[in-house]
Amino acid sequence: MEYQMQMDKGGYDDGYDKCCPFWDVSPGSLVREATSYWSFSDSKVIDLGCGEGKNAAFLAELGATVDAVDISGAALKNAGRLWAGRKCINWIQGDVRRFISRDVTYDVAVVYGVVHCFPDKSDIEQFVNRLPQLVRRGGLVLFCSFNDRRQDIERAHPNFKPTLISHERYLNLFGFLDIVSASDMDLHESHPHNGIEHVHSLTRIAGRINV
Ligand SMILES: C[S@@+](CC[C@H](N)C(=O)[O-])C[C@H]1O[C@@H](n2cnc3c(N)ncnc32)[C@H](O)[C@@H]1O
């Protein structure tokens, strides 16, 4: 319940309600880069914490079939508006920490900006450890999250307390990946609903499942 409150108040729902789109509609950098070494045509993709669906829509356009999951009805409402009529995207409202695929093993998981929203570090660890059950051996994981090096978000995201772990811990957690690229860099941004400049240190990891 507390987690849901955080999602509504300090998280992103305020922005989703006020602006559509709230996020850029272009795909994330790792997702775009992946097109240079992965053919998404006919890939089965799971987008975990899809938000308004910029990555899902981009990959569906390249021929992937995408299951796109987000806990926020406001995010999925914006996604429906932005990508109305797009084929091959299955929008699902739910908590990705409990997401289980009964009949599909995915070729690709996109995990963009969601795990720092989880209430606890143990949620992050359990969630990351479950990814090899969702994605086939040799499949691709594209991961991005705030890390604990530098966050300047008090004014821009009041009430939002992201769960932060170190870049090195993320690298350890993703020991089941053959790493394609990994970085720890600052992102300077502002959001359209309040325009407040702020900084996030971001871990980005792309890799192939090796277990
Ligand atoms: C920073 S946004 C990123 C959205 C999208 N991946 C993108 O890159 O534009 C994080 C998203 O994760 C969603 N989220 C947070 N916790 C979640 C959970 N437990 N299950 C599903 N979605 C969650 C939020 O609603 C939000 O839309």
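With each label modelled as a point 7 angstrom along the Cα→C-beta vector, the Arg81-Asn194 pair spans 2.0 nm. Computed from backbone phi, the HN-Hα couplings of segment 69-74 come to 10, 8, 6, 9, x, 5 Hz, rounded to whole numbers (Karplus: 6.51 cos²θ - 1.76 cosθ + 1.60, θ = phi - 60°; Gly and Pro given as x). Using only side-chain charges placed at the Cβ, +1 for Lys and Arg and -1 for Asp and Glu, the dipole size of the chain relative to its Cα centre rounds to 480 debye.
Spacing of the modelled spin labels on Val211 and Arg136, each 7 Å from Cα toward Cβ, amounts to 2.0 nm.
Distant-in-sequence amide contacts of Gly139, defined by a placed amide H-H separation under 5 Å and a gap of 5 or more residues or a different chain, comprise Ile209. Spin-label model, Met185/Thr105: points 7 Å from Cα along the beta carbon direction are separated by 3.3 nm. Distances between placed amide hydrogens fall under 5 Å for Asp47 paired with Asp67, Ala68, Val69, Val110, all partners being 5 or more residues away or on another chain. Rounded, prolate or oblate: which fits segment 119-211, taking a ≥ b ≥ c as square roots of the Cα gyration tensor eigenvalues, rounded meaning a/c under 1.5, else prolate when a/b beats b/c? Taking the square roots of the gyration eigenvalues as a ≥ b ≥ c, segment 119-211 is prolate. Among the GluC sites (Glu not before Pro) found in segment 128-189, those both in a DSSP coil and sparsely packed, with 12 or fewer other Cβ atoms within 10 Å of their Cβ, are Glu154. Annotation: amide H of Asp148 within the under-5 Å range of Ile165, Ser166, His167, sequence separation 5 or more or interchain, hydrogens built in the peptide plane. Extension gain, Arg150 to Ser39, is 36.5 nm, computed as 0.36 nm per intervening residue step minus the present C-alpha separation.
Restrict the search to segment 129-211; then list the trypsin sites (Lys or Arg not before Pro) that DSSP places in a loop and that have at most 11 other Cβ atoms within 10 Å of their Cβ. When the trypsin sites (Lys or Arg not before Pro) of segment 129-211 are filtered for loop state and at most 11 Cβ neighbours within 10 Å, Arg155 remain.
Calculated mean residue ellipticity at 222 nm for the chain: -7000 deg cm²/dmol, from DSSP H runs with n ≥ 4 weighted as -39500 (n - 2.57), summed, divided by the residue count and rounded to 500. Ranked by the mean number of other Cβ atoms within 10 Å of their residues, highest first, the peptides 23-29, 71-77 come out as 71-77, 23-29. Working note: Karplus 6.51/-1.76/1.60 with θ = phi - 60° gives segment 28-42 the couplings x, 4, 5, 5, 5, 4, 4, 5, 7, 9, 9, 8, 7, 4, 6 Hz, where Gly and Pro are set to x. Once C-alpha pairs closer than 8 Å and six or more residues apart are averaged by separation and normalised to the residue number of segment 1-158, the relative contact order reads 23 percent. On the basis of the beta-carbon distance and an R0 of 45 Å, Cys88 and Asp178 show a calculated FRET efficiency of 0.95. DSSP beta bridges confined to the chain are antiparallel in about 50 percent of cases. Radius of gyration (Cα atoms) of the chain, expressed as a multiple of 2.2 N^0.38 Å: 0.95.
Here, each number is a calculation from the coordinates, and none is a lab measurement. This one's a predicted model, so the numbers in the text were calculated from it and none came from an experiment. Cβ sites come from the backbone with ideal geometry, for glycine too, and all protein chains shown count toward neighbours.
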